[in-house]
1. Just to confirm my filter: which helices (runs of 4 or more DSSP H) fall fully inside the range A:285-402 and include at least 3 residues that are at pLDDT 90 or above?
2. I need the full set of residues from the range B:317-355 which are surrounded by 23 or more Cβ atoms within 10 Å (Cβ to Cβ), more than 10 Å from every other protein chain (Cβ to nearest Cβ) and free of Cβ contacts under 8 Å to residues at least 24 places away in the same chain, in order please.
3. Answer yes or no as to whether B:Glu64 is among the acidic types (Asp, Glu) and either at pLDDT 90 or above or more than 30 Å from B:Leu88 (Cβ to Cβ) (or both).
4. Looking at (1) crowded, with 24+ Cβ neighbours inside 10 Å; (2) farther than 18 Å from A:Ala194 by Cα; (3) among the small types (Gly, Ala, Ser), can you tell me which one A:Ala346 breaks?
5. On the basis of being among the aromatic types (Phe, Trp, Tyr) and at the interface with chain A (Cβ under 7 Å from one of its Cβ atoms), does B:Tyr124 make the cut?
6. Out of B:Phe22, B:Phe104, report the one residue that is in the same structural domain as B:Val186 (by TED's automatic domain parsing), farther than 30 Å from A:Ser347 by Cα and either in contact (Cβ under 8 Å) with a residue 24 or more places away in the chain or not charged (D, E, K, R) (or both).
7. For a quick check of your reading: which helices (runs of 4 or more DSSP H) sit entirely within the range B:147-238 and have at least 2 residues that are within 9 Å of chain A (Cβ to nearest Cβ)?
8. Tell me, please, whether a residue that is at the interface with another protein chain (Cβ under 8 Å from one of its Cβ atoms), free of Cβ contacts under 8 Å to residues at least 40 places away in the same chain, in a strand (DSSP E or B) and under 41 Å from the mean Cα position of the chain (by Cα) can be found in the range A:142-163.
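The values are calculated or read from the model by the stated rules, or taken from the named source; none is laboratory data. Since we're looking at a predicted model, the values are computed, not measured. In this analysis, Cβ positions are derived from the backbone assuming ideal geometry, glycine residues included, and neighbour counts consider all displayed protein chains.
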Amino acid sequence: MAFSTQCYREWRILVSDSWLKAMVFWLPVVLFFSMWLIFSAGIARDLPIGVVDLDHSRLSRGLVRYYDASPTLAVTNVYTSATEGSHALKNADIYALVVLPAQLEKDTLLGRAPEVTAFYNSQYILIGKLINSAMVQAQGTYTAGIDTLKNMADGSPVPLQALGQAVPIQSQITPLFNSNSHYGQFLVSAAIPAIWQILIVATTVLAISAEFRQKGISTWLANSPINHVIAKLLPYTMLFWLQGFIFLWAMYGVLEWPMHGSWFILSLSQLLMVMACQSMGAAFFLLTLNSTRAISLVAGFTAPAFAFMGVTFPATDMPFLAQLWRAMLPVSHYIEIQIQQVDYGASLADAIPNMIALACFGFVLLVAMMKAKKIATIYNGSVNPETKNAVSKHSDNKGTQA
Amino acid sequence: MSWRTLFKFELTAIFTNPSLLFTVFGGVLIYSFLYPLPYSQQLPREQTIAVVNLDNSQMSRELERMVDATPQVNIAKHVYSIEEAKSLLIKGDVHGLMVIPTHFYRDVLLGKSPTVAYAGDASYFLVYGTIVEGLATAGGTLGAKAKVSRMVMSGDNLVLASEQYSAMKLNMRPVFNPTMGYINYVVPAVFVLILHQTLMIAAGILGGGQNEYRLQGGTGYWLRYSAWKIVLVRTLLLMLIYIPLVAYYFGYSFSSYHISRLASISDLVAMTIPFLLAVIFVGIIIGQLIPRRELATLIILLSSLPLVFVAGFIWPVSAIPAPINALAQLVPSTPAINGFLRLNQMGASFEQVINWWGQLWLQALVYGCIAVFLVKRNQEQGSVKQVLSE
């Protein structure tokens with residue numbers, strides 16, 4: 001059989017199997033789109049907080065207005081007692097509870113520096129951090145205003161000088177490479193490759209197991225097993241590579257998220273990523289020869305990948321064992337290249353170590369190929385037609401026939 | 001056709017199914033170690049930054065020392081231009097930078113409030129947040145110090161000045177996870193999801209395998225007993241398997257990772273029962289709808305990441321589009337994660353989570369009915385086929 005006919009045959013199998021079609025064509029679109037939709041707001045705004053105002057003064061009301069004016073915060077609830085507020089905090093109705101003490105205004109005017117206490121929910125760390133910085137900022141601005149006015153009242157006539165006395169050192173904080181701290185750019189651009197990895201590895205298993213169901217794996221591999229495996233994988237390589245290009249284009253072309261790198265390096269590393277994942281998938285199936293067990297392995301392998309990618313929690317702070325597991329996941333190498341390219345606009349030389357790591361997954365494919373060859377030799381070696389039949393049908397239903 | 005034989009059939013079906021056993025026992029055990037592994041340090045520390053000190057005065061060097069002394073930041077390089085710092089950032093040698101302007105010391109003394117610039121790599125939010133936190137703490141402390149010394153110079157009492165340098169103070173108190181540890185953040189929610197996914201896969205593989213066999217023309221005990229009996233026995237057995245596993249997660253695992261467990265045992269049990277019921281019923285439904293059992297694992301695997309993100313502990317529910325949020329309410333993981341987090345981590349009372357609890361019971365009820373209906377339908381189809389083939 002010529003190679004092109006083999007590929008064409010693969011295509012026929014693909015379009016006749018509705019689950020394979022789903023995995024290649026519409027499921028990725030649905031998953032990628034819903035990931036984007038979840039984070040489509042991009043920036044968390046108007047997070048509900050509660051206030052207990054024990055002072056009821058002009059100053060305390062001004063402070064509450066300052067909190068409310070912060071784009072991140074929204075004062076949604078006012079409580080009469082801290083107990084009432086803590087009840088709401090425990091139920092996550094509000095993410096923070098601010099307690100303004102009695103005599104806040106009086107103490108401030110007397111220069112006694114009263115203390116405002118804010119309890120914020122740090123169980124939800126990302127939200128908690130947003131609340132924390134927004135509160136510090138709002139409070140800082142309000143206090144600087146009071147200090148400046150006080151200094152002017154004390155006799156420094158120039159507002160700038162009064163401000164300088166109130167805030168001796170100013171700071172300018174810049175989030176580099178993601179200038180508005182957009183969660184979509186941060187999380188979606190990492191979650192999509194993680195889902196992509198699951199799709200590629202699982203589809204590879206499904207594609208080979210489709211062969212298994214049709215006429216048995218051994219008959220399929222009997223003549224020139226290497227050729228057959230390559231012909232099996234190659235059409236999917238192209239389709240998944242195209243998928244990769246489409247999600248990059250959707251993020252950095254259609255949504256116009258900033259992208260500073262080279263499309264060529266990105267595409268090249270995506271190709272390596274697809275092949276690395278396919279190698280893993282092929283090995284999972286050929287080593288177990290049981291589609292259910294292979295998919296279970298795929299699940300165990302790919303499901304926690306997002307935690308190990310090092311995007312949410314830095315890889316440098318992971319213990320050795322976690323770094324080892326991380327190195328075994330293709331997507332963690334790919335995401336490094338993607339971030340380097342998209343955010344830093346790094347050169348090809350910076351991408352090469354990770355590309356080599358992705359290429360190393362070729363060894364896994366080699367193992368899978370050896371196994372394929374072995375299956376073929378066993379099959380061809382068996383003279384007895386009955387054993388031949390037994391090898392080729394290799395029951396997949398042991399567990400359910402009880 | 002007695003209950004006893006049905007129990008025996010179901011038990012054999014479960015314990016002779018290697019994929020199911022691998023998912024349930026292997027999955028739950030392995031994940032209880034693997035998933036928290038990357039976060040074992042809890043907090044990112046000593047993130048490397050580069051300093052561009054254009055002032056080189058005594059005060060600017062003091063700021064450097066204060067920055068270096070914070071647990072969050074570690075000064076790895078001193079460079080002489082922002083360009084140089086930028087190239088270090090791109091190479092990944094450092095993750096942030098601090099620029100101290102020329103005449104910094106002079107301007108502080110003159111009361112001109114100079115601006116110190118901090119920047120962090122926001123490609124990694126946690127790294128960025130850590131760096132900014134460290135730099136802002138150090139900068140704020142130096143600012144307060146400068147203010148106090150000026151107050152003392154103009155005749156204020158030192159003790160008073162160190163208390164009154166600011167008109168008002170803000171005391172930010174993190175609650176429920178006071179150390180802001182990452183394990184305490186991720187594990188309580190993700191462990192619920194792991195139980196959810198593995199149990200759903202188990203029920204799905206079991207039913208899916210039988211469904212696959214039926215579609216190939218096979219028959220078995222699951223076609224002979226009435227549907228509700230099969231669903232009932234299967235649910236009971238899977239619950240019996242999962243209750244120790246839930247106890248292992250909420251008991252041993254949580255205490256070994258020092259995660260707080262504020263809920264009483266009875267509250268936890270009350271929440272666990274409808275949770276397990278709803279999950280098993282969804283698993284049975286999936287099993288009846290798929291032609292091959294491995295698809296159960298696949299569908300549930302693909303749903304994991306979206307389910308984590310819609311649960312509301314990473315991204316605020318108010319920012320999630322309403323249709324997505326409505327869909328998420330149909331899956332047991334959403335009310336379960338919310339309920340367990342509130343009970344266990346935030347110390348809410350059971351009355352406060354009663355809505356999540358009710359939602360789980362409602363799901364259990366509806367999905368239970370659908371499960372029985374589907375099993376029954378497939379049984380009828382199976383017997384029709386048998387009659388035809390005979």
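1. By residue number, A:291-302, A:305-308, A:320-327, A:330-339, A:348-359, A:362-381.
2. none
3. yes
4. (1)
5. For B:Tyr124, the condition - among the aromatic types (Phe, Trp, Tyr) and at the interface with chain A (Cβ under 7 Å from one of its Cβ atoms) - is met.
6. B:Phe22
7. Ranges flagged: B:158-164, B:182-215.
8. No, that holds for no residue.
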